[in-house]
Structures are given as structure tokens and as C-alpha cells.
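Visitor: The structure is given below, and queries will be raised subsequently.
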Amino acid sequence: MKANLSGTGVALVTPFRTDGSIDFKSFKKLIQHLISNKVDYLVPMGTTGESVTLSKDEKKAVFDFVLEVNDGRLPVVAGIGGNNTREICDTLKSFDKSGFAAVLSVAPYYNKPNQEGLFQHYKMIAESSPLPVILYNVPSRTGSNMTADTTLRIAHEVKNVLGVKEASGNFEQFMQILKHKPKNFMMISGDDGITLPMIALGANGVISVVGNAFPKDFSNMVRYALAGEYDKARKLHYKLIDVINLLFADGSPGGIKAALKVMNICGDTLRAPLANVNDAVFKKIKAAVEHY
């Protein structure tokens, strides 16, 4: 499992038509784009997929569609998280694991649990999940940080936890986890712009946003870094870094959907409360994509 989920996973956007319904035609185009450009695995229904705005039936439809189009070619990680622990556990207990490699579960948002609350949350999820669980620490979205001590406590004490997607941006935290984690516990970057230095410290790869648009170059950057070929990795990192920064200049996934619109892969419709990037940012993204 660790080998299968090393490298570049892509947090899939969910394409919508202008009326807000799921655009499965464009979704297929996106999935084929990623597979043909050799990403390592797919992650539907994460934050980038606007999962909190989809109904249970829509989420199931997305999962089923991704599995159908993928047709066993790449591992698929299901995004199943939230801030109601019992509801997540109930969802996992009835979840059909067929075709999936793992579950990515974001830390609770809005509630702002303390560290013991985070530990108990993930302990319950891991015990309920039919698949290995990847923790997801993203304080900028959840409002609370899962500390290195808590991550390590989960890693050492809770079975069925595969690793952590770390998006705190805190290198001291990364290093403490990497230094003290169990051997088979994975560290996965949750931030495209710092994936290269995270891999240099010992991370196993990334779950990427920019990979939706530029899967070939970003995946190759990660592969070079994992192989210790840092000169090659740096060239691609610096080729991508300005685009990466632009994609987050006025909110995500608004930025990546703008890029995908320019590339004619899918539209840039978002579901409320999200809104499209402003005109100035869109023009910069358009120019950057066309130049790229």
C-alpha cells in the first residue's frame, strides 16, 4: 500500500455545468488527462472537489464514476471527512471499499477540537474504516492545527492509519513527524509549492492541486525528487512555482478551475459559497497557462 501511494496523487476538482450540476463529460476528460500524463493515484471528494457542497447521492455518483473511468488503472483514495465524527463513522461502516486503496479524512473544521479531541476523532474513524486512513491536517481551512505530538500519537497507537497529508506549512512540525514516526507511516505533502523540500526531508510524495492542470511536469518533479535527482526536480519546481502561486491567489479551487477552463478541460463553475477568481487574477492565470 505504501508503494502504491507514493508519488503524486491528484485531488480532483469536481467539474460543474453552469447550472451547478455535475459535468460528467468534462470529468471524464479530466480523469483521462491525469491518467495519460502518468500521475500515481486519484483522490476524488477532497477539499478541491468541493465535497462539502455535494449531497450523499452526488458523492456516491462521483465515486462510482471515477472508478468506472479509471477502470483499475490507478489506485483511488476516497475523500471522506467532516466535523461530525459519528456521521463519518456511520458512512465508513457502510462504505463499499471495492476499487479503493484508502480513505483521506480531513481534520474536523469549525468545531476547533483540542488535541485529545483530534486523537479520539481519528481513533474512531480508523476503527470504523474498511480501508487504511490518511489523516489530513490543514489548519488554514479547519481553524485548528493537529500537532506533531498528536500525529505521532495516532501513528504509534492507532491501527489502520496509513499516514498524514500535512498542509500546515510548518517545517518544524514536518521534521518532528518524520524523525519520530513509525517506519511505514507516510508523510504526504498537502502543499504543491513546498513539496520538493518536503520530499528532501523524507516525505513520500504529494496530494496535489496543480496536478489537475499540469500532471506530467508535476509528477515528474516528484519522481525526480524521490529518486534523489534534485537538479532535474528543481528545474520543474521553478517552472511550476509561479503558476502554483497564482492558483491560490484568490481562493482554491477557483484558481485551478480557471486554469482548467483556459485549457478547455472543464468549466470554472463553483458551488456557493465559493465564487470565481476575480478578473485580474483570471487574466494572470490565463496568461501564465498560455505561456506555459
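The values are calculated or read from the model by the stated rules, or taken from the named source; none is laboratory data. What you see is a predicted model; the values in this text were computed from it and never measured. FYI the Cβ positions are ideal-geometry reconstructions off the backbone, even for glycines, and counts take in every protein chain you see.
Visitor: Please tell me if THR85 is touching a His at 6+ places or on another chain (Cβ under 8 Å) and either within 22 Å of GLY143 (Cβ to Cβ) or without any contact (Cβ under 8 Å) to a residue 60 or more places away in the chain (or both).
Guide: Yes; evaluated as a whole, the condition is true for this residue.
Visitor: Select from region 261-280 the residues that are in contact (Cβ under 8 Å) with a residue 24 or more places away in the chain and touching a Leu at 6+ places or on another chain (Cβ under 7 Å) and write down the one among them that is surrounded by the most Cβ atoms within 10 Å (Cβ to Cβ).
Guide: CYS266
Visitor: Give region 206-219 a look and list any residue that's over 13 Å from ILE265 (Cβ atoms) and in contact (Cβ under 8 Å) with a residue 40 or more places away in the chain, or say none.
Guide: The answer is VAL206, ILE207, SER208, VAL209, VAL210, LYS216, PHE218, SER219.
Visitor: Quick check on region 79-87. Is at least one of its residues more than 16 Å from MET146 (Cβ to Cβ), under 19 Å from the mean Cα position of the chain (by Cα) and surrounded by 20 or more Cβ atoms within 10 Å (Cβ to Cβ)?
Guide: For region 79-87, residues more than 16 Å from MET146 (Cβ to Cβ), under 19 Å from the mean Cα position of the chain (by Cα) and surrounded by 20 or more Cβ atoms within 10 Å (Cβ to Cβ): present.
Visitor: Here is a further query. From the list PHE218, PHE248, PHE185, PHE171, which residue is farther than 29 Å from GLU127 by Cβ, in contact with a strand residue (DSSP E or B) (Cβ under 8 Å, 6 or more places away or on another chain), aromatic (Phe, Trp, Tyr) and modelled with pLDDT of 95 or more?
Guide: Just a single option satisfies the conditions, and that option is PHE218.
Visitor: Given the options SER55, SER26, SER6, SER51, name the one that is farther than 19 Å from CYS266 by Cα, among the hydroxyl-bearing types (Ser, Thr, Tyr) and surrounded by 15 or more Cβ atoms within 10 Å (Cβ to Cβ).
Guide: Exactly one of SER55, SER26, SER6, SER51 is farther than 19 Å from CYS266 by Cα, among the hydroxyl-bearing types (Ser, Thr, Tyr) and surrounded by 15 or more Cβ atoms within 10 Å (Cβ to Cβ), namely SER6.
Visitor: Here is a further query. Could you please find all residues in region 1-48 being without any contact (Cβ under 8 Å) to a residue 40 or more places away in the chain and either among the aromatic types (Phe, Trp, Tyr) or assigned to a helix (DSSP H, G or I) (or both)?
Guide: LYS25, ILE31, GLN32, ILE35, SER36
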